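Chemist: Before I ask anything, here is the structure I am working with.
Bear in mind that the values in this text are calculations on the coordinates, not laboratory data. None of these values were measured; they are calculated from a predicted model. No Cβ is skipped: glycine too gets one built from the backbone with ideal geometry, and neighbour counts run over all protein chains shown.
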Amino acid sequence: MCTALIAVLFAATHHSGRSAKPVQSASSPRDGVGLHVSGRDIVEANGNSFVMRGVSHGYAWHKDRSAAFADVKKLGANSLRVVLTADVGAGEVADIISKCKQNRLICVLEYHDTTGYGDSGGGNSTLDHAADYWVGLTDVLAGQENFVVVNIGNEPYGNTGASGWGGATSAAIRKLRTAGLRHLIMVDGPNWGQDWSGIMRRDAASVFDSDPQRNTVFSVHMYGVYDTAAKVTDYYDAFQSIGLPLVVGEFGWKHSDGGVAEDTIINEAQSRGIGYLGWSWSGNSGGVEYLDLADRFDPARLTSWGRRLFHGANGIAETSKEATVYADPGRVHDGS
């Protein structure tokens, strides 16, 4: 989610993004690689299904808020999506992974400088640059496949040039695999993550097949484009029909582009085994403070959005299940 005003999304609500024709289901990589794709599901190395239930934390902008890891865990989250930027170095990333593991969270690391690339007000980093960032972290990420998901680039295209999403995403995935990274890779859709044009739905199968490990999960961000139950279920149905894994990598209860059908997002995700990660823990600015889940990072002062996400029907507290890898302390310690 970009905290700047996203005026370029004004056209998004006029597009429904119909699904592409079905393709055969995804295949699974070899067992034991860590978190990986099996059909439409994410599973752990032992084959146990893992469904993300968590939030995003703006680490890159709030490095002094280290309590966030423990706070979201205490509220029931099993995952934390952590915002990184180009100035977050290897030592910091290693510390972030350690904090996730200490708090028994799956760590979804996302590179944020790609946000809305190509549009006025968008980020200045291409997916290729993002891939270079991850390659530079190879030594830190190696051996963490059970605990870390690599979200290559946040909302990597705005609306300008979004048709290039498929080729650029495939190339970025291949660059990571060539460097030896075996992790579950998460890729965000174009159109500031909301994929109103249906480009990710159309190209998802070819992007998945371009991954030598067949270990890619697709992430849609749901804000004002998804203002009705039908639009949410249509998107879920599309990925179900093509047999590819989907998570809602970001969503809120409203945004600058309109209201959001958050109850449908949450309830249908639970009924279909789809992961979701709410935006965001705290510290939003620039007119989108209403997306804070906790007031001033205080877990005892959840906002109405925070109470809905954590304690509402089919929310995090009710549906989250901790990754089974944390049942083996020795494995957590050595990262195997």
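Chemist: Sort through Leu277, Leu291 and tell me the only one that's closer than 22 Å to Asn103 by Cβ and hydrophobic (A, V, I, L, M, F, W, C). If you could, list the steps in order and put the result at the bottom.
Modeler: Values: Leu291 fails: closer than 22 Å to Asn103 by Cβ.
Residue meeting the stated conditions: Leu277.
Chemist: Name the single residue, out of those in segment 31-69 being among the β-branched types (Val, Ile, Thr) and touching a residue at least 40 places away in the same chain (Cβ under 8 Å), that is nearest to Cys107 (Cα to Cα).
Modeler: Residues of segment 31-69 among the β-branched types (Val, Ile, Thr): 33, 37, 42-43, 51, 55.
Then drop every residue that is not touching a residue at least 40 places away in the same chain (Cβ under 8 Å), which leaves 33, 37, 42, 51, 55.
Values: Val33: 16, Val37: 16, Ile42: 14, Val51: 13, Val55: 11 Å.
Filtering first and then ranking leaves Val55.
Chemist: What number of residues within segment 55-83 satisfy the criterion of being closer than 13 Å to Asn103 by Cα and in a strand (DSSP E or B)? Spell out the reasoning first.
Modeler: Taking segment 55-83 as the starting set, the residues that turn out to be closer than 13 Å to Asn103 by Cα are 66-80.
Next, only the ones that are in a strand (DSSP E or B) stay: 79-80.
So the count comes out to 2.
Chemist: A follow-up question, please. Filtering segment 268-282 down to residues that are more than 15 Å from the chain's Cα centre (by Cα) and surrounded by 18 or more Cβ atoms within 10 Å (Cβ to Cβ), which residue is farthest from Ala230 (Cα to Cα)?
Modeler: Ser282
Chemist: Look through segment 189-235, keep the residues that are touching a Pro at 6+ places or on another chain (Cβ under 6 Å) and crowded, with 24+ Cβ neighbours inside 10 Å, and return whichever of them is nearest to Glu155 (Cα to Cα). It would help to see each step written out before you state the result.
Modeler: Quick first cut of segment 189-235, residues touching a Pro at 6+ places or on another chain (Cβ under 6 Å) only: 199, 213-215, 217.
If we keep only those that are crowded, with 24+ Cβ neighbours inside 10 Å as well, we get 215, 217.
Details: Asn215: 19, Val217: 14 Å.
Among those that are touching a Pro at 6+ places or on another chain (Cβ under 6 Å) and crowded, with 24+ Cβ neighbours inside 10 Å, it is Val217.
Chemist: Quick check: anything in segment 267-281 without any contact (Cβ under 8 Å) to a residue 60 or more places away in the chain, part of a loop (DSSP other than H, G, I, E, B) and over 25 Å from Glu145 (Cα atoms)?
Modeler: We begin by selecting, within segment 267-281, every residue without any contact (Cβ under 8 Å) to a residue 60 or more places away in the chain; these are 267-272.
Adding the requirement that they be part of a loop (DSSP other than H, G, I, E, B) leaves none.
No: zero hits.
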